Amino acid sequence: MSTETILVPVRLDFDGLAPKVGRAVSQLDGAATAILDEADIDHRLRELLRLRVSQINGCAFCIDMHSKDAVAVGESSERVHALPAWRETPFFTAKERAALAFVESVATMNQTHVPDDDFAAVSKEFTGLEVSALLSLVMAVSAWNTIGVTTHQWEPGSYRVGD
């Protein structure tokens, strides 16, 4: 088995070519973080949700980043590793399960159309402000994922917590 790594070439310097859009995505991310703070959404849950959206969207850099950030804010490696199969594990609370189902439905809305059952379940566990914060998180992460997956601009594995 070879241990040689393969460099995935950058397709497009999006940050350099479209800096206004990059700044707008940063502002969206900042606004999402502000509402997450206002709604007092737990930092461990935030990172798990960011990670799950990035897994769904297939953004290698973002998966690496949010995995590292989740552990840095105190999330267990067991839950981080089990996240793709969260429905089959006993590791997540009813509230976390409602949030995970909701963000998955939103991230895959082209297939799910965000079912009423998922919306009702998240609304049972979270206030309107909190649901708005979760929706904002998906919007911001999906925007970053779109840039990362399309351009390969950020090298997976290069992220360091606190950078």
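Structural remarks
- Subset of the range 119-134 that is polar (S, T, N, Q) and part of a helix (DSSP H, G or I) - its residue that is nearest to Glu47 (Cα to Cα): Ser132
- Unique match (being aromatic (Phe, Trp, Tyr) and under 16 Å from the mean Cα position of the chain (by Cα)) among Phe126, Phe61: Phe61
- Test result for Leu137, assigned to a helix (DSSP H, G or I), closer than 19 Å to Thr33 by Cα and more than 15 Å from the chain's Cα centre (by Cα): no
- In this entry, Thr146 passes the filter for residues that are touching a Cys at 6+ places or on another chain (Cβ under 9 Å) and modelled with pLDDT of 95 or more.
- Flag set for Ala24, criterion: over 14 Å from the mean Cα position of the chain (by Cα), of a type in the set (A, V, I, L, M) and modelled with pLDDT of 95 or more.
- Single residue of Lys95, Lys68, Lys124 found to be within 27 Å of Gly22 (Cα to Cα) and at pLDDT 95 or above: Lys68
- Members of the range 82-92 that are touching a helix residue (DSSP H, G or I) at 6+ places or on another chain (Cβ under 9 Å) and farther than 12 Å from Leu49 by Cβ: Ala82, Pro84, Arg87, Glu88, Thr89, Phe91
- Cβ-Cβ under 8 Å pairs, at least 6 apart or on other chains, the range 50-77 side of a type in the set (Phe, Trp, Tyr), far side crowded, with 22+ Cβ neighbours inside 10 Å: Phe61/Gly148
- Those residues of the range 78-113 which are without any contact (Cβ under 8 Å) to a residue 12 or more places away in the chain and of a type in the set (A, V, I, L, M, F, W, C), in sequence order: Ala82, Ala85, Met109
- Pairs are defined by a Cβ separation below 6 Å, a sequence spacing of at least 6 or placement on different chains, a first member in the range 1-17 that is under 17 Å from Gly148 (Cα atoms) and at pLDDT 80 or above, and a second member that is assigned to a helix (DSSP H, G or I) and among the hydroxyl-bearing types (Ser, Thr, Tyr); the pairs so defined are Arg11/Thr151; Leu12/Thr151; Phe14/Thr151.
The values are calculated or read from the model by the stated rules, or taken from the named source; none is laboratory data. Keep in mind it's a predicted model, so treat the numbers as computed, not measured. When we count neighbours, we look across all protein chains shown, and the Cβ atoms used for this are built from the backbone with ideal geometry, even at glycine.
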